[in-house]
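One structure is given below, encoded as structure tokens.
Just so you know, all these numbers are worked out from the coordinates, no wet-lab data involved. Note that the structure is predicted; figures quoted are calculated from it, not measured. Neighbour counts are summed over all protein chains in view; Cβ atoms, including those assigned to glycine, are modelled from backbone coordinates with ideal geometry.
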Amino acid sequence: MVVTLGQIKDIYGVSMYDVVIVGSGASGGAVAYTLTKAGYKVALLEKGKLLSRDEFSKDELAYCRRDIVTPNLFDEYHTIEEKVNGKWVATPTYESGWSFWNGNIVGGSSNLMSGMFHRLHPDDFRLRSKYGKIDGANIVDWPISYEELEPYYTKVEEIVGVSGDFRPHRYEPKRSTPNFPQKPTEENSVTKLIEKSCKELGISALVTPRAILSSGKNGRNGCTYSNFCGSYGCSSGAKGSSREALIRPALATGNLTLLPHKYVKKLYSTKDRVTSAVIVDTLTLKEEQIEGYIFVISAQAHESVRLLFNSANKYYPNGLANSSGELGKNLIFSGGGAGEGELHKDSLKDIEFKELIKTGLFVNRSILDWYFIDDWWRGKFKGGLVEIMFQHQNIISRSLQNTYSDGKLVWGKELGERIVDNMTNQKSIRFEIFNDWLPNDNCFVSLDPNHKDKYGMPVGKLRIQAHPQDLKVGNYIAKKCKKILKQMGAKNIYFDISSTPPQNLVAGGCRFGDDPKKSVLNRDCQSHDIANLFVADASFMPTGGSVAYTWTIYANAFRVADKIVKILKYKNN
Amino acid sequence: MLKRRSFLIFTSILGLSSYLNAGKKSKFDMEFKKVKLTIASVQEHMFPKGGLLPYAKDIKATQFLYETINHKSYDRDIKQFIIDGANEFICREGSGFVSMTESEKEKALRSYEESKRGEMWLNWIMTLTMEAMFSDPIYGSNIKEIGWSAIDSYGGYPRANKRYIWG
């Protein structure tokens, strides 16, 4: 059911809900799912459009090369503050083209994820206790433990749908079930080569759990192996996006009012309660208010922070829920980087080239061996996770990699020969490293005093600086990965570990913790200041672990939703 | 990060930028008409007949370029830069580029590439032409998947049924 605010007023008399959720991505979807299943009336606000499965085509131009599912950067943007020649310089993203939007459609960026899912390790919850202080890094332990989140990781496996094949490993967190609910998605023969090469090097290759159904479930089809998964929406329903796995069944309860095209400008509050959200219809530009008993912010870390800053009032002049002064601080990304090598037709070993270039199948291999490092020379330190995959199969972007030689553009017949050779006689194998982006004083969100979006609201300014330790860890692991590719017979191997953040892997800014003076949220992701305000997205994370965040975001949002259900039950009783 | 907008707008050495008028369609059409043949000629030199990739003219690469940069999703600064760069190139070479021999064209383009701005413009022309060749056939240039066939690499399913998802 998608209705307008006017219709809601016709139906209910007033646009008042048990819960109003801002943002329909992974966390917003998990909260909406839980609350509507429990019988509560929920409004789910989403700035973007609702796309149907049929609209998720594999159109590289639209999905990967233009701002179609994200705002036009001249209308809505951020400013990114980086250190240039010793001075902090803020550049609007409409100048740099470096968009920090991630899928502004119903279901958010979960529509576009690759779905490589890993749980955090128990020690990720107690990094400070485990490894002590690191100079220049604001590391703290989480107020909750892995054991408290474990049931929700399991819940995600069932409800969102995670396929995989559990292989015991010293750094795999304990599970409460023996294996994943679905077997892995079908795999390319390159997995044999990866496993053989890793074994020869004494490295354990694990099967990557994926939020992709290998067989149909609950009205969703199993994967159809379209060859274009990450960065694209899923037309079969197999990918565990918030839209497919959570919003669709939430709508079926009749308790969810999904409101796409709704931009939330600010929240109104008294000292004790958020009373309403001011929303703008992005199509008509009409402004309205929506009221709820509880408000849940899940707009993605940096945007949730921005909304709270933009909601400052006389009670909270420095931003809503910001009596601690911690709002916006300790923004984190995923540290690490990536490397690639080429598997050439004429030198491929152990597998057939025709098998290697078979399209659509997954690689599904990851390495946890360096999640914690105890090096004879460098000592003990927190490491990271490695994912092995093919280079993204996008045709235009792969072709464009052949346009330079020795610093000069290549064109004419030579260009054709290079592209055809590259696309038909080799396949690039890639590793991606995920390690902690250590929280630090020079990575935070604030409001830019000089820039406003097209709705007249100040834009978020992101100061970004990585901690040197992040690069050290990334480079350490990359050298190990290079050996794997070499063992596989890959040529022209390179890697790039950089302090440039992946803008789709963002967390922090609304830290949770038990001390109201040092954190924005309590252990239930509820504002320390305002009891009916929750923040459910990744902004709660004080440290990010060394895996992609999505599984943890889903799991924590289910946990937060259970806390909200308890409050609503108490209220109604 | 490179301040793209500043670079594109304010570094035009000939002062040809009509940035303020970039949003006006009729103005753009007039501007494009003046440079269309030159752009087409550059595309055809970069993607010639007889190569392993389709000939730019056969895939209507210039029409794709026009429609693409004129679409609302396209960066307005780059759109203007395409026009400005072409005008600059025409000023450098005179209007005779289209009738030059292939070796003369090669020399002229390599000379333009020597400047940062020239290299950037040529890169955009090449990028747009390769987008024409390898994008979904619905955009009108990868006719009968001729571009994908040339490199034996095909897009996934479902294919697009509207340009830019919703037209």
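Assorted remarks:
- Computed FRET value (nearest 0.05) for A:ARG170 with B:LYS57, which takes r as the C-beta separation and R₀ as 56 Å: 0.35
- Per-residue Cβ neighbour counts within 10 Å put A:LYS483, B:LYS49 in the sequence B:LYS49, A:LYS483, beginning with the fewest.
- Measuring r between the beta carbons of A:ASP421 and A:LYS569 and using R0 = 60 Å, the FRET efficiency lands at 0.40.
- Using a Förster distance of 45 Å, the FRET efficiency for A:PHE74-A:LYS483 (Cβ separation, nearest 0.05): 0.50
- Stokes-Einstein diffusion coefficient of region A:479-573, Kirkwood radius over Cα pairs, 4 °C, 1.567 mPa s, in µm²/s: 80
- Projecting label points 7 angstrom from Cα along Cα→Cβ for A:LYS286 and A:ASN492 puts them 5.7 nm apart.
- Farthest positive-ward along region B:35-150 dipole, Cα basis, beta-carbon charges - from B:TYR66, B:ASN123, B:TYR55: B:TYR66
- Proxy reagent accessibility, fewest Cβ within 10 Å first, across B:SER41, A:SER27: B:SER41, A:SER27
- Annotation note: GluC sites (Glu not before Pro) in region B:44-141 located in DSSP loop regions with a Cβ neighbour count of at most 13 within 10 Å are B:GLU114.
- Taken over region A:355-428, the percentage of Cα pairs per 5 Å bin, counting from 0 up to the bin with the maximum distance, is 3, 12, 17, 14, 11, 10, 11, 10, 8, 3, 1.
- Separation of alpha-carbon centers, region A:270-286 and region A:116-136, rounded to whole Å: 37
- Dimensionless Rg/Rh of region B:35-150 - Kirkwood Rh, Rg from C-alpha atoms: 0.96
- Zone of B:LYS144's modelled label, taken as backbone nitrogen in region B:52-86 under 18 Å from a point 7 Å along Cα→Cβ: B:52-61
- Chain A - share of DSSP beta bridges that are antiparallel (%, nearest 5): 70
- Distance between modelled label sites at A:ASP374 and A:ASN218, nm, 7 Å Cα→Cβ extension: 4.1
- Of the trypsin sites (Lys or Arg not before Pro) in region A:374-461, the ones in a loop by DSSP (not H, G, I, E or B) with at most 15 other beta carbons within 10 Å are A:ARG378, A:LYS454.
- Local electrostatic count, A:ARG175, Cβ distance below 13 Å [Lys/Arg +1, Asp/Glu -1]: -2
- Take the Cα of A:THR500, step 7 Å toward its Cβ, do the same at A:GLN401, and the gap between the two points is 1.5 nm.
- Dividing the Cα radius of gyration of region A:132-181 by its Kirkwood radius returns 1.11 for Rg/Rh.
- Cα-based values for the protein assembly as shown, radius of gyration first and Dmax second, are 26.2, 87 Å.
- Net length available on complete extension from A:SER347 to A:LYS408 is 19.1 nm, with 0.36 nm assigned per residue and the Cα-Cα distance removed.
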